[in-house]
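Written below as structure tokens is the structure these notes are about.
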Amino acid sequence: MSEAYFRIFRGSHQIGGCCSEFRLGKRRIVIDFGANLPGTDAPEIDDKKLVQAVFGNKEDIAATDAVLFTHYHGDHVGLKRSVLESVPMYIGGTAKNIMKIIASRVDYRDKKTDASAAPEMPVIERMIPYPKGGKAIDFSGISVTPLYIDHSALDSYMFVVEMCGKRILYTGDFRDHGIPGSDRFDRLIQKYVGKVDILITEGTMLSRLEEAKNNPVQTEDDLGCEAEKVFAAHHENVVIVSSTNVDSVMEFYHHTPTGMAFLCDAVQAEIIQEAISSRNFGNYSYRKNIYVLCPNNYKGYMRNLHDPHFIMADETKYNETGFVMLVRPNNPRFMELLGKMKDPHITYSMWSGYLKGGKCEDKNIVDFLSGHDDEAHFTQLHTSGHAYVETLAKLIEMTKPEVIIPMHTESADEFAKMPEFAAYKDRVNVLRDGEVYKIN
């Protein structure tokens, strides 16, 4: 029998920068190829070393049937340019389209500053969309069924991997408290997953227990309801949220009070358009006009927006009605707009670690908030993109694995000590980066 194993190249004891492989004989698939998150504490394997470890010799390149990306966050897809053209790459179809929207701007910006800069768009164009409807893909005897899952990146996937008679669930980043809801998560696991032999699961929130416990905003629905109260109390509302965290963006859109304008730039508008056209259910739907901020009133920014709900913003009108404006702190244009406001209130909806003094302090965010982060002008509303401990416990109970391998966590060594997982503590197998877990 051919040797079969699973290995975490990076991500066994850190959040982000993930890359793993499943190998069967001389063939393998690679899952995710992420860059380290900013502020990662002294990683043993930097990005350059990871590329060398995964694709450092001709044999490994030739053995790779595919690189499968769980979603489009940089800590999972950030090293995509280092994947050789001979190696197929897969990602969700909607995720691919969102990446193309971002890449069109990034490539244009990079070309202006460095004519020799390698563009991202050709790399993304190579990516193959996953089949829909729970259909499996066979990679030289390794069967992979991609399953659409809730996460703060739209169109994320977990994988059911079958090889050597074993059924394995690789969760990737996931949660059950977004717009799709816990009921959909439960049905997905019951219908497409069931009992597994091995569960390879993220554990991001294990190192953020107090943060989760003390947060009054537990779900995306909570986020929208709380945001509406804040918006109603202020005339000039500014929202800092990731443009690709589409669940939260949709909540802010749908909870903009009647009579107020909802504003965003063309990049954010195109992502919203893509999300609604690909999902179009529940809170993924148009309910009011979306006013698009176009510098110098240049209509060219509207060229890719085809739905009639998108209207070029008129500064005089939205100042009269009051507004909710999505901003990107890394874009100087939004700093200019903030400077024109009389009494702006900022709603911050990202991880607290990016704030001043945080673990991964972000200079653009800190500079944008300077002078506006007092209690009267600043509200923090955010729900995690990752599974709470209770959700992990539920998944373990639903899948009843014989072996549990934690990753994407700073608390892998504490996993078996969690009271929520007590019944399965003897099944926890903590790997180190580079360590092989034999499947057969």
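Modelling each spin label as a point 7 Å along the Cα-to-Cβ direction, I'd like the Glu414/Val106 distance in nm, to one decimal.
So the label points at Glu414 and Val106 sit 3.2 nm apart.
When the helix-only estimate is applied to the chain (DSSP H runs of n ≥ 4, each -39,500 (n - 2.57), divided by the residue count), what is the mean residue ellipticity at 222 nm, nearest 500 deg cm²/dmol?
Only helices count here, giving -8000 deg cm²/dmol.
If you restrict to DSSP beta bridges whose two residues both lie in the chain, what percentage is antiparallel, to the nearest 5?
45
For Tyr130, which sequence-distant residues (separation of 5 or more, or a different chain) have an amide H within less than 5 Å of its own amide H, given hydrogens modelled in the peptide plane?
Ile91, Gly92, Gly93
What translational diffusion coefficient, in µm²/s and rounded to a whole number, does the Stokes-Einstein relation yield for the chain at 37 °C and a viscosity of 0.692 mPa s, taking the hydrodynamic radius as the Kirkwood radius over Cα pairs?
Details: Rh = 22.8 Å.
Estimated diffusion coefficient is 144 µm²/s.
Taking loop as defined by DSSP and a crowding limit of 13 other beta carbons within 10 Å, which trypsin sites (Lys or Arg not before Pro) in the range 14-100 fit?
Those that pass, being in a loop and sparsely packed, are Lys26.
When the chain is fully extended, how far beyond the present Cα-Cα distance does Met302 get from Asp222, taking 0.36 nm per residue of separation?
My answer for the length gained is 25.6 nm.
R0 = 35 Å: FRET efficiency of Ala233 with Ser285, Cβ-based, nearest 0.05?
It comes to 0.85.
Between the range 131-179 and the range 384-440, how far is it from one alpha carbon centroid to the other, in angstrom?
17
Determine the gain in length on full extension of the stretch Ala136-Ala212; use 0.36 nm per residue of separation and subtract their C-alpha separation, reporting nm with one decimal.
The Ala136-Ala212 span can extend by a further 23.9 nm.
Whole Å is fine, so just give me how far the alpha carbon centre of the range 1-80 lies from that of the range 325-351.
Value for the Cα centre distance between the two parts: 36 Å.
HN-Hα J couplings of the range 155-171 from phi, Karplus 6.51/-1.76/1.60, θ = phi - 60°, integer Hz, Gly and Pro as x?
6, 8, 9, 10, 10, 8, 10, 10, 7, 6, x, 9, 10, 10, 10, 9, 6
Which value, to two decimals, describes the C-alpha radius of gyration of the range 216-380 once divided by 2.2 N^0.38 Å?
Details: Rg = 15.1 Å, N = 165, 2.2 N^0.38 = 15.3 Å.
With N residues counted in the range 216-380, Rg over 2.2 N^0.38 Å equals 0.99.
Just to confirm the filter: which trypsin sites (Lys or Arg not before Pro) across the range 247-351 are DSSP coil and have at most 15 other Cβ within 10 angstrom of their Cβ?
When the trypsin sites (Lys or Arg not before Pro) of the range 247-351 are filtered for loop state and at most 15 Cβ neighbours within 10 Å, Arg287, Lys288, Arg303, Lys342 remain.
What is the set of long-range amide H partners of Ile149 at a cut-off below 5 Å, with H atoms built 1.01 Å from backbone N?
Result for Ile149 returns Ser156, Tyr157, Met158.
For labels at Ser143 and Arg187 in the simple 7 Å Cα→Cβ model, what's the distance in nm?
2.4
From the backbone phi of the range 399-416, what are the Karplus-calculated ³J(HN,Hα) couplings (6.51 cos²θ - 1.76 cosθ + 1.60, θ = phi - 60°) in whole Hz, Gly and Pro given as x?
Karplus values, whole Hz, x for Gly and Pro: 9, 6, x, 7, 9, 10, 10, x, 7, 6, 7, 8, 10, 4, 6, 9, 4, 5.
Lys58 versus Glu397, label points 7 Å from Cα toward the beta carbon: distance in nm?
5.5
Work out the FRET efficiency for His377 and Leu84 from their Cβ-Cβ distance, taking R0 = 51 Å, and round it to the nearest 0.05.
Efficiency, from the Cβ-Cβ distance: 0.55.
Coordinate-derived values only; no laboratory data. Bear in mind that the values here come from a model prediction, so they are computed numbers and not experimental data. Note: ideal-geometry Cβ built from the backbone for every residue, glycine included; neighbour counts use all protein chains shown.
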